[in-house]
1. Would a scan of the range 151-163 turn up a residue that is under 24 Å from Ser22 (Cα atoms) and acidic (Asp, Glu)?
2. Can you tell me which residue in the range 219-263 is modelled with the highest pLDDT, limited to those that are small (Gly, Ala, Ser) and near the ligand (Cβ under 8 Å from one of its atoms)?
3. Do we find that Arg148 is surrounded by 13 or more Cβ atoms within 10 Å (Cβ to Cβ) and basic (Lys, Arg) in this structure?
4. Has the range 89-110 got at least one residue that is farther than 30 Å from His6 by Cβ, at pLDDT below 95 and touching a Leu at 6+ places or on another chain (Cβ under 7 Å)?
5. Is it true that some residue in the range 97-106 is among the acidic types (Asp, Glu) and within 27 Å of Val220 (Cα to Cα)?
6. Tell me the residue from Ala54, Ala79 that is within 12 Å of the ligand (Cβ to nearest atom), of a type in the set (A, V, I, L, M, F, W, C) and within 17 Å of Arg195 (Cβ to Cβ), please.
7. Output the number of the condition that Ser15 fails; it satisfies all remaining conditions of (1) under 19 Å from Val194 (Cα atoms); (2) assigned by TED's automatic domain parsing to the domain that holds Val220; (3) polar (S, T, N, Q); (4) away from the ligand (no atom under 15 Å from the Cβ).
8. Please give the number of the condition Asn113 fails out of (1) modelled with pLDDT of 95 or more; (2) not in a helix (DSSP H, G or I).
Amino acid sequence: MSTPGHDYIVVGAGSSGCVVASRLAQKTDARVLLIEAGGGAGSPMINMPMGFAAMIGAGAHNWSYRSDAEPALDQRGVALPRGRVLGGCSSINGMVYIRGQRQDFDGWAAQGNAGWDHASVLPLFKKSEDNWRGAGAFHGAGGELHIRPVGTRLAIADRFIEAAQQQGIPANADFNADVQDGVGYFDANIAHGVRQHTARAFLRPALRRPNLQVMKHAVVRRVLLRNGRAVGVQVLHDGQVIDIGASTEVILCAGPTVRRRYWSVPGSAIRCCWRGWVSRPCMRYRQSANIFRITSIRWSRSKPATAVPITISSARAELH
Ligand SMILES: Cc1cc2nc3c(=O)[nH]c(=O)nc-3n(C[C@H](O)[C@H](O)[C@H](O)COP(=O)(O)OP(=O)(O)OC[C@H]3O[C@@H](n4cnc5c(N)ncnc54)[C@H](O)[C@@H]3O)c2cc1C
């Protein structure tokens with residue numbers, strides 16, 4: 001079965017997918033379809049910050065991965081929680097608002113990823129923020145994502161911070177300013193006692209636009225290719241397999257762990273590996289917008305271990 005096409009298909013309504021889809025819909029008249037394997041983020045345990053402890057355990061909103069036996073951990077597996085819900089991991093994570101390190105961004109740019117250097121991405125962070133510190137060199141005001149100081153300051157935490165300083169670790173009152181080293185209280189994606197996941201901050205306001213559609217409980221199984229170009233996706237939804245076309249682009253925002261997994265599902269039309277230089281940085285960087293636009297792809301039925309060249313260009317421009 002196939003359905004009428006869209007201009008853009010965004011796979012995964014997580015931290016990055018909600019931002020990309022909402023920005024695309026706001027900036028253009030293009031028809032944008034955002035596809036998410038999980039459901040809505042209305043659960044009180046998601047929205048109440050203290051519900052965090054419950055969300056990282058196994059449950060309907062979590063893919064609940066587990067690593068293979070790790071030789072360095074005496075062959076034990078490690079729990080790998082990943083959000084399976086609107087907002088993705090931003091709906092289950094620790095809400096700590098600390099951006100990636102300047103050196104990481106600059107390192108990626110130095111490896112040939114134009115536009116990913118710190119000076120280029122800083123304006124995008126600022127644009128997205130409504131920071132309690134107000135607008136300045138490192139922060140923005142009036143953006144979608146509300147950033148507030150942590151509400152609770154415990155005497156024991158104060159003593160810990162003092163002790164660290166006595167040991168020579170410098171105090172840091174803002175981990176998102178010029179220097180990230182140091183000890184202090186971090187800011188949080190929490191406002192008025194409510195978790196600010198990306199489905200709340202970015203997607204919900206954008207849904208007023210008629211050109212943005214969200215498909216929940218839909219698992220993308222394949223990216224459909226024609227002449228090496230991504231032209232749509234195959235989705236499992238309500239027990240049916242549906243092909244959905246995208247006239248302009250398919251943008252993968254399915255998260256690093258899941259994305260690697262479903263590219264290598266046995267029997268899948270596509271088996272491929274991300275080039276090491278692309279996948280390594282995005283696995284390392286927390287709260288990054290792990291967004292890649294596939295412009296062309298070469299595919300094979302060989303084992304994933306056989307590196308398949310894949311051309312990826314940054315979709316960073318859509319965030320402007
Ligand atoms: C428990 C935990 C705590 C964390 N704490 C913090 C923190 O305090 N501060 C911080 O900065 N970072 C934290 N992080 C990391 C941060 O949340 C992630 O790096 C970030 O959310 C990743 O964003 P993403 O858009 O790449 O992926 P995700 O947010 O994971 O989004 C991917 C989305 O794609 C969907 N999807 C996947 N496959 C398919 C498919 N085949 N079809 C359809 N949909 C699909 C998923 O269901 C998900 O909604 C934490 C992460 C976890 C798991």
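The values are calculated or read from the model by the stated rules, or taken from the named source; none is laboratory data. Nothing here was measured: the structure is a model prediction, and the numbers come from that model. Here the Cβ positions follow ideal geometry from the backbone for every residue, glycine too, while neighbour counts run over all protein chains shown.
1. Looking only at the range 151-163, we keep the residues that are under 24 Å from Ser22 (Cα atoms), and these are none.
The answer is no, given that none of the residues of the range 151-163 is under 24 Å from Ser22 (Cα atoms) and acidic (Asp, Glu).
2. Ala254
3. Working: surrounded by 13 or more Cβ atoms within 10 Å (Cβ to Cβ): yes; basic (Lys, Arg): yes.
Yes: the conditions hold for Arg148.
4. No.
5. no
6. Numbers: Ala79 fails: within 17 Å of Arg195 (Cβ to Cβ).
None of the others qualify; the one that does is Ala54.
7. Of (1) under 19 Å from Val194 (Cα atoms); (2) assigned by TED's automatic domain parsing to the domain that holds Val220; (3) polar (S, T, N, Q); (4) away from the ligand (no atom under 15 Å from the Cβ), only one is false for Ser15: (4).
8. Among (1) modelled with pLDDT of 95 or more; (2) not in a helix (DSSP H, G or I), the lone unmet condition for Asn113 is (1).
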